[in-house]
Amino acid sequence: MGIQGDFYKLLKEQGYVFGVSGQAGARQELTTATTILAFKYREGVLVAGDRRATAGNMVMYDRTDKVLEIDQHSVMAIAGVPATAYEMARILEHSFKYYRRTQLQELSFEGKLRALSKLLKENVAAALAGTGAVAPIFAGYDAGQEAAKIYFYDILGAEFEGVEYAVSGSGSSTIRGILHYLNTWGEQPLSTMPEEQATVQALRLLTSAAEFDSATGGVNRDAGLYPVIKFITAGGVRAMPDLQLRSLFESRVARSV
Amino acid sequence: MYEEPYRWVEAVGNRRQYLDDQLKEGTPVVGVAYEHGILLMTMSKGTPKLYEIYDRLALGGMGHPADLEKLRFNLLEMAHVEGFNRSASDVTGSRLVKYGIAPVIKQAFEEVFKAPFIVKILLAELSQKAGRDGFLTINYDGTFEEKSRCAVLAATSVVEQRMIGYVRQQSIVSLKDAVGAAIRTWAIGDRAQRSALEDGEGHNEAMIDTTEQVTDAETLYAHVRRCIAEKTMECALLDRQVQGPSKYRALEADELEAVLPTDLNPSLS
């Protein structure tokens with residue numbers, strides 16, 4: 001008998017099926033699109049995402065949470081088909097918990113990265129058929145290395161480390177250039193910014209993405225809708241409250257757009 | 001030979017004796033509710049006895065470590081599959097015990113050709129609202145009981161009654177109250193079990209009942225101080241104040257030191 005503790009294997013034994021092969025040629029408009037980003041700041045990693053979900057030209061929903069807390073020390077930001085991405089997040093969340101509880105120790109950071117890669121790989125058929133493409137960012141605190149880290153994936157499951165930052169989603173091409181410029185020639189590198197300044201940059205970046213990508217939702221001040229911004233530090237994952245986001249947006253973002 | 005009903009009853013009776021004998025050196029487990037959650041406390045020799053099962057469920061056990069592990073895995077699998085397929089709020093201690101492990105334990109106990117589980121289990125469940133926290137205890141024969149406020153595991157039901165009788169009289173509000181009461185209750189159970197063991201083979205449950213019950217804190221703490229030399233105190237919480245869905249956490253050494261009764265603190269440092 002091998003070592004127990006693999007929740008995904010347990011699910012399969014129970015008859016659960018994930019990543020059913022997609023039918024090529026299905027031309028239904030799927031709910032997709034996003035801009036998500038993560039970069040290192042002074043205390044750890046900031047992860048941010050807009051809140052719009054679209055299907056073709058239609059805005060499906062403007063209150064989506066794309067920055068999902070998987071456990072106390074890791075976050076998965078999702079770009080692509082929400083149905084598949086949420087399912088992956090749910091499997092990951094339960095896998096990490098199950099591993100911790102059965103093995104009486106946390107799953108290593110590398111183990112967490114691999115778990116997401118495996119799910120993406122299982123989903124390849126659906127991703128290639130266009131019915132379940134997900135290109136997430138995974139960020140977390142690596143207790144072994146005592147550092148917060150960023151990884152991004154392609155739809156086939158390849159993982160890449162974002163040494164300074166990572167972006168994904170339809171609006172990402174706009175802000176990837178800005179991030180490179182800011183980090184290289186800005187007043188200071190992103191990784192030296194304090195939390196508040198990093199938040200302001202994230203709000204400006206997402207506002208820029210929304211300016212050029214119709215599938216990315218910007219800030220809706222009337223409805224009180226702001227992006228989701230989370231921080232990962234040695235102390236765990238923490239979200240910035242809307243009230244604080246609002247105040248920062250009003251004072252340091254709105255006047256310049 | 002067990003086809004005859006009489007033989008079967010006799011075999012089950014023998015099995016009960018065997019299990020009582022196996023458990024008599026086990027260390028008691030105490031669970032008490034306090035204002036911010038539930039405390040589980042026991043003493044162990046290396047192998048832990050307290051475990052996290054799900055977001056609001058914790059397990060305390062006594063008996064054979066391999067059997068405890070097997071049942072712990074059963075509970076973990078049931079809880080996580082249910083939590084994934086439905087929701088965390090559908091994972092309740094009551095369902096896990098009544099439809100999950102209690103029938104398995106009962107069946108193993110009554111199938112006299114197979115090995116029984118040498119184990120007693122305490123499942124603590126933190127409710128969404130304070131004051132509704134609950135406990136389930138399961139005996140080695142599959143009998144389960146539901147309790148509120150407090151629950152214990154000990155080698156015999158007589159010892160358990162003593163411990164419950166004591167802990168129910170305690171006023172428990174804070175974590176400090178809970179730790180103090182749990183330790184004293186544990187000491188009552190452990191003293192009773194040890195005195196029963198010292199009485200030797202001729203001992204029976206009725207004899208324990210006649211031994212004088214010591215409940216003064218000084219004697220009980222003195223007993224615990226002696227035990228700490230060879231065992232480790234284990235305390236785990238289902239803490240309503242913990243952020244996020246998972247409420248289980250072990251009470252760390254420094255935190256435990258801060259809430260330990262002053263009579264015990266020097267012996268740990």
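The values are calculated or read from the model by the stated rules, or taken from the named source; none is laboratory data. None of these values were measured; they are calculated from a predicted model. Using ideal geometry, Cβ is built from the backbone for each residue, glycine included, and neighbour counts are taken over all protein chains shown. The accessibility values were calculated without ligands, DNA or RNA, using every heavy atom of the protein model including side chains. Shrake-Rupley method; radii C 1.70, N 1.55, O 1.52, S 1.80 Å.
A few notes on this one:
- Taken over region B:111-125, the criterion of being of a type outside the set (A, V, I, L, M, F, W, C) and modelled with pLDDT of 95 or more is satisfied by B:P116, B:K120, B:E125.
- Residue list for region B:105-137, filter: closer than 19 Å to B:T185 by Cα and β-branched (V, I, T): B:I121, B:T137
- Close Cβ contacts (under 7 Å, 6 or more residues apart or on different chains) running from residues in region B:73-100 that are free of Cβ contacts under 8 Å to residues at least 24 places away in the same chain and more than 10 Å from chain A (Cβ to nearest Cβ) to residues that are among the acidic types (D, E) and surrounded by 14 or more Cβ atoms within 10 Å (Cβ to Cβ) comprise B:D90/B:E82.
- Residues that are in contact (Cβ under 8 Å) with a residue 24 or more places away in the chain and either over 17 Å from the mean Cα position of the chain (by Cα) or over 22 Å from A:S173 (Cβ atoms) (or both) were ranked within region A:227-238; the one that is most open to solvent (accessible area, probe 1.4 Å) is A:A234.
- When residues of region B:232-250 are limited to those that are within 13 Å of chain A (Cβ to nearest Cβ) and hydrophobic (A, V, I, L, M, F, W, C), the one most open to solvent (accessible area, probe 1.4 Å): B:A250
- Selection from region A:53-77 of residues that are open to solvent by less than 50 Å² (accessible area, probe 1.4 Å), under 18 Å from A:L225 (Cβ atoms) and not in a strand (DSSP E or B): A:T64, A:K66
- Restricted to region A:202-216, and to residues there that are out of contact with any helix residue (DSSP H, G or I) (no Cβ under 7 Å at 6 or more places or on another chain) and outside any loop (DSSP other than H, G, I, E, B), the residue that is surrounded by the most Cβ atoms within 10 Å (Cβ to Cβ) is A:L206.
- Of all residues in region B:133-166, those satisfying the criterion of being surrounded by fewer than 24 Cβ atoms within 10 Å (Cβ to Cβ) and part of a helix (DSSP H, G or I) are B:S157, B:V158, B:E160, B:Q161, B:R162, B:I164, B:G165, B:Y166.
- Scanning region A:94-139 for residues that are of a type in the set (G, A, S), under 23 Å from A:G171 (Cα atoms) and surrounded by 19 or more Cβ atoms within 10 Å (Cβ to Cβ) yields A:A126, A:A127, A:G132, A:A133, A:A135, A:A139.
- In region A:121-139, the count of residues that are in contact with a helix residue (DSSP H, G or I) (Cβ under 8 Å, 6 or more places away or on another chain) and within 19 Å of A:K40 (Cα to Cα) is one or more.
- Of note, B:G60 satisfies the criterion of being of a type in the set (G, A, S) and open to solvent by less than 10 Å² (accessible area, probe 1.4 Å).
- Screening B:A130 against (1) in contact (Cβ under 8 Å) with a residue 40 or more places away in the chain; (2) of a type in the set (G, A, S); (3) surrounded by 15 or more Cβ atoms within 10 Å (Cβ to Cβ) leaves a single unmet condition, (3).
- Complete set of residues in region A:239-257 that are of a type in the set (G, A, S) and either open to solvent by 30 Å² or more (accessible area, probe 1.4 Å) or within 10 Å of A:V47 (Cα to Cα) (or both): A:A239, A:S247, A:S251, A:S256
- The one condition from (1) at pLDDT 95 or above; (2) surrounded by 13 or more Cβ atoms within 10 Å (Cβ to Cβ); (3) away from chain A (no Cβ under 14 Å) that B:P261 does not meet is (1).
- Any hit, region B:13-21, residues being open to solvent by less than 10 Å² (accessible area, probe 1.4 Å) and away from chain A (no Cβ under 14 Å): yes
- All positions within region A:63-112 that are within 12 Å of another protein chain (Cβ to nearest Cβ), touching a strand residue (DSSP E or B) at 6+ places or on another chain (Cβ under 7 Å) and small (G, A, S): A:A89
- Checking each residue in region B:28-72 for being within 12 Å of another protein chain (Cβ to nearest Cβ), in a helix (DSSP H, G or I) and in contact with a helix residue (DSSP H, G or I) (Cβ under 9 Å, 6 or more places away or on another chain) picks out only B:R72.
- Enumeration of residues in region A:164-195 that are without any contact (Cβ under 8 Å) to a residue 24 or more places away in the chain and open to solvent by 40 Å² or more (accessible area, probe 1.4 Å): A:S173, A:R176, A:G177, A:H180, A:Y181, A:T184, A:W185, A:E187, A:Q188
- Which listed residue, of A:A48, A:A89, A:A115, A:A85, is in a helix (DSSP H, G or I), in contact with a helix residue (DSSP H, G or I) (Cβ under 6 Å, 6 or more places away or on another chain) and at pLDDT 95 or above: A:A115
For (1) of a type in the set (K, R); (2) at pLDDT 95 or above, each residue gets a yes or a no:
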residue	(1), (2)
B:Y166	no, yes
B:Q170	no, yes
B:A181	no, yes
B:D199	no, no
B:T211	no, no
B:I228	no, no
B:K231	yes, no
B:E234	no, yes
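- Contacts under 8 angstrom Cβ, first residue in region B:152-163 being of a type in the set (D, E), partner outside any helix (DSSP H, G or I) and buried (at least 24 other Cβ atoms within 10 Å of the Cβ), 6 or more apart: B:E160/B:V152; B:E160/B:L153; B:E160/B:A154
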